[in-house]
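Heads up: the structure comes next, in structure tokens.
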Amino acid sequence: VISACQPATRAYGRVARAPAVAVELDGVAVVWATAMPGSSKMGHLSSERLLAAPSTAHAHSMVHAAKVGLASRSSLGRSSFDRDSHTKSGLDGLLAGLRMHAVTGYAAVLVVILAPLSVRLAYGVVKPRVFFSTLFAFGLVMACGMVVLVSVFRAALLRGLGLKAAGVLSLCTTMPVMVLGYLGLSVAQRIVPWFCFLDPEEPTTASYGAFTALADSFPMIAAWAGMFQLPALLRMHEAREREFDTVRREAELLRLKAHLEPHFLLNTMNAIGGLVTEDPAHARELLGTLGELLRDATSIGDEHTVRDEVAWLERYAAIHQARFPGLFSVEWQVEASVNDSKLPALVSQPLLENAISHGALGVSEGKIVVRFARAGGRLVLEIRDNGRGPGPRRSGGKGLAIVERRLELESRGREPSTFELVREGNFTVARVVLAKEGT
Amino acid sequence: MLSALVLEDERPARSYLVELVEATRLARVHAAVPSVALALEALRDVDVDVAFVDVNLVGSGGGPTAGLAFVERARDEGKVARFVITTASREHALTAFDLGVIDYLTKPFVLSRVRESLSRVAEARPAGGRGERARDEGRVVARKGRSLVFLDPGEAWAFEAEGRLAFVHSAEGRLDVDLSLAALEAVLGPNYLRVHRNWLVAVARVKGIERDGGETSLVVGDGTRTVTVPVARDRVGQVKARLLTSTIGLRLTE
């Protein structure tokens, strides 16, 4: 599924700007973005139900939905969803269109320079020899300048520079390169007088070369920046806005997923059914606990205080203990000073579930320690279990991947939260160090 | 009567299913176990007509579909005639039917649905036995560490619930039992008497009644070892009546 994620992401980048169709073949959804010259791409989105898209916007949202589905359903493998995927696909489009933009930019610059001269030529103010020599000289010089400009721009983008930085860099290098070129020509003209055939009266001094180079490259740079770089920047900005939107929605989806899985609810209901005859009081207690979890689940915001988070975890653990009586114990170590600290709501729940299902329940006397503390000004959350250990990555990887992804999404713009799953002595420790509050 | 094996990792769910299976009167539970290893051990000497198998068996190893792997193995070994999958979700339905399971029970369980499953098993039950079939009378499967101990009716003197766990008292000592007393009551039938919320005793193993102040207790066991079992106050009358029925030498006064 991860490998399928990549083409889907690439397709997504194009869909935003191109008419797209999405069709379903044998239960495999295929998104087909066309109209981008020479780059129609197919993204296979496994089993996500997509229908033909009536409009670009629909295709866009469908691909997004499928991608979110994929990202959260796949085992996610740490970085399968990289932050820059959109930027990268946008970059592909940018680079593909670069040559065309260079040609149109070149043509536009020539028109800008030659249009006034043409009028003067028509009235006989400018002599044909001057006009054609100018046409020839500018044609050559602008072509060279454009090649330099585009090459630098392209190389900078490929090296991972941002659009703005690449633009400024290419514009800044073009001028000196042009100046060097003009100076070279002046020197050549002095040595080989034949080079002066265009306009024998033109001076061959260094200052003339340098200043004409600056003056000549100016319209080219202005045209290039105005016609291509500014619109590209605007588009990139819009794309980023859209991406933030996507990320926000994805974060929401992950939060919902983390709350209460149907599987958990159904198994708990079944356990209550089993307790009704044997221990009616316990059955009622469990009903109450489940009710509280459900009530909270409908009103949980983005963030939780540690106090609320712990209350939730305690109920969650109580239900698991009812389902697996006598098999594991939970110890709570919550520093009083962190009670009011904030963390992404329920980010710890998949960790607890993982510690129970894949850790403590696998050994004869399971033990889990839940710890909330402060270290170096940051909130630290630790869930340790005495299970057999994570191995390369436990089968509960999905829940852990959701935690990683949520931390990544919700610490956007701040010092990132970190997550690790390590073995310490006889314990497997899942540790989250949260981003500093208010930074 | 069909013989059934219940493989379910969660104790309340296991007890629940055992109660429901017994309530259908279509099958007797041969063994109800929490892990694949114990299920295989329970099947070592006997075959059963149907196994109810949970898909996700925590603590059995083998990942989130350990139950399906068990189905495949037990089917290939011919120890189980029919399989019923029990699970909360439908996500494994296709795989399960590919394995040839006869039914798919979703949680929470309901009696009518369990009855339907067992009816299907009964209809499809092949004529003629293979290995030794599980016997019809309820046997108790207790656990001594990681191995199973089968107790014939009568060998289990008393069952005790402590906290959320259950134990059986027998000549072998106090062993773990992976079912609730309610489920055991359903399996064992009227030869066992619930004398206390936490105690279920074999009527035939009661050796005496003791009174100490307001408390009544029973002495249960054989000639060499006994356990003292408290009787709940509100059940004293009922227990005495049941113990004195078919007993010669004492007459019950109204």
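Scan (1) closer than 28 Å to A:T268 by Cβ; (2) surrounded by 14 or more Cβ atoms within 10 Å (Cβ to Cβ); (3) of a type in the set (A, V, I, L, M, F, W, C) for the single condition B:L94 breaks and write down its number.
Checking B:L94 against (1) closer than 28 Å to A:T268 by Cβ; (2) surrounded by 14 or more Cβ atoms within 10 Å (Cβ to Cβ); (3) of a type in the set (A, V, I, L, M, F, W, C), the one that fails is (2).
Examine region A:164-181 for a residue that is farther than 19 Å from A:I221 by Cβ and exposed (fewer than 14 other Cβ atoms within 10 Å of the Cβ), and state whether such a residue exists.
Taking every residue of region A:164-181 in turn, none turns out to be farther than 19 Å from A:I221 by Cβ and exposed (fewer than 14 other Cβ atoms within 10 Å of the Cβ).
Kindly evaluate B:G163 against the criterion of being closer than 24 Å to B:V6 by Cβ and within 14 Å of chain A (Cβ to nearest Cβ).
The answer is yes for B:G163.
Could you pull out the residue among B:A74, B:A81 that is within 26 Å of B:M1 (Cβ to Cβ), in a helix (DSSP H, G or I) and within 22 Å of the chain's Cα centre (by Cα)?
Residue meeting the stated conditions: B:A74.
Quick one: count up the residues across region B:12-33 that are out of contact with any strand residue (DSSP E or B) (no Cβ under 8 Å at 6 or more places or on another chain) and of a type outside the set (S, T, Y).
5
For region B:61-81, give me each residue that is of a type outside the set (A, V, I, L, M) and in contact with a strand residue (DSSP E or B) (Cβ under 9 Å, 6 or more places away or on another chain).
Selection gives B:G67, B:F70, B:R75, B:G78, B:K79.
Go through region A:325-364 and give me each residue that's of a type outside the set (A, V, I, L, M, F, W, C) and farther than 18 Å from A:L421 by Cβ.
Answer for region A:325-364, where residues must be of a type outside the set (A, V, I, L, M, F, W, C) and farther than 18 Å from A:L421 by Cβ: A:P325, A:G326, A:S329, A:E331, A:Q333, A:E335, A:S337, A:N339, A:D340, A:S341, A:K342, A:S364.
Give the number of residues within region B:166-182 that are in contact with a strand residue (DSSP E or B) (Cβ under 7 Å, 6 or more places away or on another chain) and touching a residue at least 60 places away in the same chain (Cβ under 8 Å).
3
With the requirement that a residue be within 14 Å of chain B (Cβ to nearest Cβ) and without any contact (Cβ under 8 Å) to a residue 40 or more places away in the chain, what does region A:290-322 give you?
Result: A:L290, A:A318, A:H320, A:Q321.
Suppose we keep only residues that are part of a strand (DSSP E or B) and crowded, with 24+ Cβ neighbours inside 10 Å within region B:1-26. Which one would you say is nearest to the other protein chains (Cβ to nearest Cβ)?
It comes out as B:V6.
Across region B:78-118, what is the total count of residues that are polar (S, T, N, Q) and farther than 21 Å from A:G273 by Cβ?
Adding up the residues that qualify gives 1.
Hey, does region B:17-34 have a residue that's closer than 22 Å to B:P108 by Cα, in contact (Cβ under 8 Å) with a residue 24 or more places away in the chain and of a type in the set (D, E)?
Yes: one or more hits.
Can you tell me which of (1) assigned to a helix (DSSP H, G or I); (2) surrounded by fewer than 16 Cβ atoms within 10 Å (Cβ to Cβ) is the one A:M220 doesn't meet?
(2)
Could you list, in sequence order, the residues of region A:270-289 that are away from every other protein chain (no Cβ under 12 Å) and either closer than 19 Å to B:V110 by Cα or in contact (Cβ under 8 Å) with a residue 24 or more places away in the chain (or both)?
Residues satisfying the conditions are A:R284, A:L287, A:T289.
Sort through B:A42, B:A127, B:A31 and tell me the only one that's away from every other protein chain (no Cβ under 14 Å), at pLDDT below 90 and exposed (fewer than 15 other Cβ atoms within 10 Å of the Cβ).
So the residue among B:A42, B:A127, B:A31 that is away from every other protein chain (no Cβ under 14 Å), at pLDDT below 90 and exposed (fewer than 15 other Cβ atoms within 10 Å of the Cβ) is B:A127.
From the list B:L105, B:L99, B:L118, B:L111, which residue is within 14 Å of another protein chain (Cβ to nearest Cβ), among the hydrophobic types (A, V, I, L, M, F, W, C) and surrounded by 13 or more Cβ atoms within 10 Å (Cβ to Cβ)?
Criteria check complete, one pass: B:L105.
Can you tell me which residue within region B:55-71, out of those that are small (G, A, S) and part of a loop (DSSP other than H, G, I, E, B), is farthest from B:L38 (Cα to Cα)?
My answer is B:G62.
Would you confirm whether or not region B:208-223 contains a residue that is surrounded by fewer than 22 Cβ atoms within 10 Å (Cβ to Cβ), at pLDDT below 90, within 26 Å of B:Y16 (Cβ to Cβ) and small (G, A, S)?
No, the conditions are met nowhere in region B:208-223.
Hey, could you check region A:82-121 for residues that are within 24 Å of A:L157 (Cα to Cα), of a type in the set (K, R) and assigned to a helix (DSSP H, G or I) and say which is modelled with the lowest pLDDT?
Looking at the filtered set, the residue picked out is A:K88.
Can you pull out every residue in region B:180-205 that is within 14 Å of another protein chain (Cβ to nearest Cβ) and on the phi > 0 side of the Ramachandran plot?
Scanning region B:180-205 gives no hits.
Note down all Cβ pairs under 6 Å where the first residue falls in region A:358-376 and is under 22 Å from B:A66 (Cβ atoms) and within 14 Å of another protein chain (Cβ to nearest Cβ), the second is surrounded by fewer than 23 Cβ atoms within 10 Å (Cβ to Cβ) and basic (K, R), and they're at least six residues apart or on different chains.
Going by the 6 Å Cβ cut-off, the qualifying pairs are A:H358/A:R394; A:G362/A:R388.
Take the residues in region B:140-159 that are within 13 Å of chain A (Cβ to nearest Cβ) and buried (at least 18 other Cβ atoms within 10 Å of the Cβ); name whichever of them is nearest to B:V33 (Cα to Cα).
Per the stated criteria, the residue is B:R143.
The values are calculated or read from the model by the stated rules, or taken from the named source; none is laboratory data. Bear in mind the structure is a predicted one, so any value in this text is a computation, not a measurement. Every residue, glycine among them, receives a Cβ derived from its backbone with ideal geometry; neighbour counts consider all protein chains shown.
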